[in-house]
Protein chains: 2
Amino acid sequence: MNAISIRRAREADVAVIVAMLADDALGRAREDASLPLAQPYLNAFAAIDRDPNQLLAVADGDGVIGTLQITFLAGLSQRGAWCGQIEAVRVASSRRGEGLGQRLLEWAIDKCRERGCRVVQLTTNKSRTDAHRFYERLGFKASHIGYKLEL
Amino acid sequence: MNAISIRRAREADVAVIVAMLADDALGRAREDASLPLAQPYLNAFAAIDRDPNQLLAVADGDGVIGTLQITFLAGLSQRGAWCGQIEAVRVASSRRGEGLGQRLLEWAIDKCRERGCRVVQLTTNKSRTDAHRFYERLGFKASHIGYKLEL
């Protein structure tokens, strides 16, 4: 694991990130990883990259092998506490079981601490039972229900 | 209900918003609505107000009687879809049962549509069973588990 670095994503990483999002039970039906990459992915990257409250990260070890996105959320609740929200966590299928997911999450939690967040939050689909165990091992509490409305 | 308008919050509204956050089974222990308002609340309002991807709203009818916060989230997932996230939904205790919560949510969903969001998401504490029924009536699906880690 020593040769792996976690860093801010660059535009050149987007195709590999999208391929990881697509290589997933839920992602398969809803992503399009074909090249050249569809423009909405590049537009989304640009919007993330210019937003000081967004941090799209990759784990890089002989290429991109993991990713997650952090959003730093200001809110009045809990005495004006900042909250770090983690989304789109993926590890390349060929590199699972090496502890890389844990390393990515610990890195993200550190970034939230550095930004003064008092809470880290994330949601995960009810069907991802492996993910539930993973987040509970990291100390997350399953205190909430996550609702989605498709427009 | 006709005399109620929903609008972007101003700094002068923050004390009333915090009072609504505090007047709640879960908020009571974690907010401090005493005046003059603690500076972290005003700092949080300033951070929200200057962020083009944040919209703190109030329902105003002879004073502020409801609030919610929308964050517009860019992400690569789902072909670069924008997502609207709703948090900190409250209706003044004296004005519950009039359909104001539904009106606030419908307003927020419209704002998400205007911004091109493909999904609206929110989480709610497992203990808020009235809220669960409310969101399900509005068409939200309880597809996710919401995890929190306190730092």
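The values are calculated or read from the model by the stated rules, or taken from the named source; none is laboratory data. Quick caveat: nothing in here was measured; it's all calculated off a predicted structure. Positions of Cβ are generated from backbone atoms using ideal geometry, with glycine treated the same way; all protein chains shown enter the neighbour counts. Side chains included, ligands, DNA and RNA excluded: accessible areas come from the protein's heavy atoms. Shrake-Rupley method; radii C 1.70, N 1.55, O 1.52, S 1.80 Å.
Charges only on Cβ, +1 for Lys and Arg, -1 for Asp and Glu: so what's the dipole of chain B about the Cα centre, in debye to the nearest 20? Show your work: numbers first, answer last.
Values: 21 positive and 18 negative charges, 123 e Å.
The calculation lands at about 600 debye.
Projecting each Cα onto the charge dipole of chain B (Lys/Arg +1, Asp/Glu -1 at the beta carbon, about the Cα centre), which of B:PRO36, B:THR67, B:GLN78 comes out farthest on the positive side?
Among B:PRO36, B:THR67, B:GLN78, the one farthest towards the positive end of the dipole of chain B is B:GLN78.
Enter the Cα centre distance for the pair the range A:76-90 and the range B:85-151, rounded to the nearest angstrom.
Each part's Cα centre sits 17 Å from the other's.
At B:ALA15, with labels set 7 Å past Cα in the Cβ direction, how many nm apart are the copies from this one, shortest first?
The answer, with the shortest distance listed first, is 5.8 nm.
For B:HIS144, list long-range residues whose amide hydrogen, built 1.01 Å from N in the peptide plane, is under 5 Å from its own amide hydrogen.
Distant-sequence amide H within range of B:HIS144: A:LYS126, A:GLY146.
Given the convex hull of the Cα atoms of chain B, what is a quarter of its surface area in nm²? Numbers along the way, then the final one.
Values: hull surface 39.9 nm².
Spelled out: convex hull of the Cα atoms, projected over all directions, averaged, 10.0 nm².
Given the options B:GLU31, B:GLU106, B:GLU11, which has the most mean-square fluctuation in a GNM of chain B, springs set between C-alpha atoms less than 10 angstrom apart?
B:GLU11
For A:LYS111, list the aspartates and glutamates whose Cα falls under 18 Å from its own Cα; do not include residues on the same chain fewer than 8 positions away.
A:ASP49, A:ASP51, A:ASP60, A:GLU87, B:GLU150
Return the loop-located trypsin sites (Lys or Arg not before Pro) in the range B:32-121 (DSSP other than H, G, I, E, B) with at most 12 other Cβ atoms within 10 Å of their own Cβ; answer none if there are none.
Working: sites: B:ARG50, B:ARG79, B:ARG90, B:ARG95, B:ARG96, B:ARG103, B:LYS111, B:ARG113, B:ARG115, B:ARG118; in loops: B:ARG50, B:ARG96, B:ARG115.
Those that pass, being in a loop and sparsely packed, are B:ARG50.
Using each residue's phi in the range A:125-142, evaluate 6.51 cos²θ - 1.76 cosθ + 1.60 at θ = phi - 60° and report the 3J(HN,Hα) Karplus result to the nearest Hz, with x for Gly and Pro.
4, 4, 6, 8, 5, 4, 5, 4, 4, 4, 5, 5, 4, 7, x, 6, 9, 7
What list of ³J(HN,Hα) couplings, whole Hz, do you get for the range B:50-56 from phi and the Karplus terms 6.51, -1.76, 1.60, once you set θ to phi - 60° and write x for glycine and proline?
With coefficients 6.51, -1.76 and 1.60, one gets 8, 9, x, 9, 10, 9, 8 Hz.
Taking springs between alpha-carbon atoms closer than 10 angstrom, which of A:GLN78, A:GLN121, A:GLN54 fluctuates most in the Gaussian network model of chain A?
Among A:GLN78, A:GLN121, A:GLN54, the largest GNM mean-square fluctuation belongs to A:GLN78.
For B:GLU98 and A:ARG28, what is the calculated FRET efficiency with R₀ set at 45 Å and r taken between the beta-carbons, to the nearest 0.05?
0.50
List every residue whose amide H lies under 5 Å from the amide H of B:ALA9, counting only residues 5 or more places away in sequence or on a different chain, with H placed 1.01 Å from N in the peptide plane.
B:LEU56, B:ALA57, B:VAL58
Of the heavy-atom accessible surface of the range A:1-45 (probe 1.4 angstrom), what whole percent is carbon and sulfur? List each step's numbers first, then the result.
Values: 1370 of 2450 Å².
The computed percentage sits at 56.
Using a 4.7 Å cut-off between beta carbons, which cysteines in chain A end up with no partner cysteine at all?
Taking the Cβ cut-off of 4.7 Å, the unpaired cysteines of chain A are A:CYS83.
Looking at the P(r) of the protein assembly as shown, how many percent of alpha-carbon pairs lie beyond 23 Å? Let's see the in-between values first.
Values: 25577 of 45451 pairs.
Here the long-distance tail beyond 23 Å is 56 percent of all Cα pairs in the protein assembly as shown.
Using just the helices of chain B, give the 222 nm mean residue ellipticity in deg cm²/dmol: DSSP H runs with n ≥ 4 each add -39,500 (n - 2.57), and the total is spread over all residues, rounded to 500. Write down the numbers at each step before the final one.
Details: 5 runs with 48 residues, N = 151.
Roughly -9000 deg cm²/dmol at 222 nm, from the helical runs in chain B.
Please report the relative contact order for chain B, taking Cα pairs under 8 Å with a sequence separation of at least 6, and give it as a percent rounded to a whole number.
Once divided by the residue count of chain B, the mean separation gives 19 percent.
Using each residue's phi in the range A:27-44, evaluate 6.51 cos²θ - 1.76 cosθ + 1.60 at θ = phi - 60° and report the 3J(HN,Hα) Karplus result to the nearest Hz, with x for Gly and Pro.
Along the range A:27-44, the couplings run x, 3, 7, 10, 10, 9, 8, 5, 10, x, 4, 4, 4, x, 5, 5, 4, 5 Hz.
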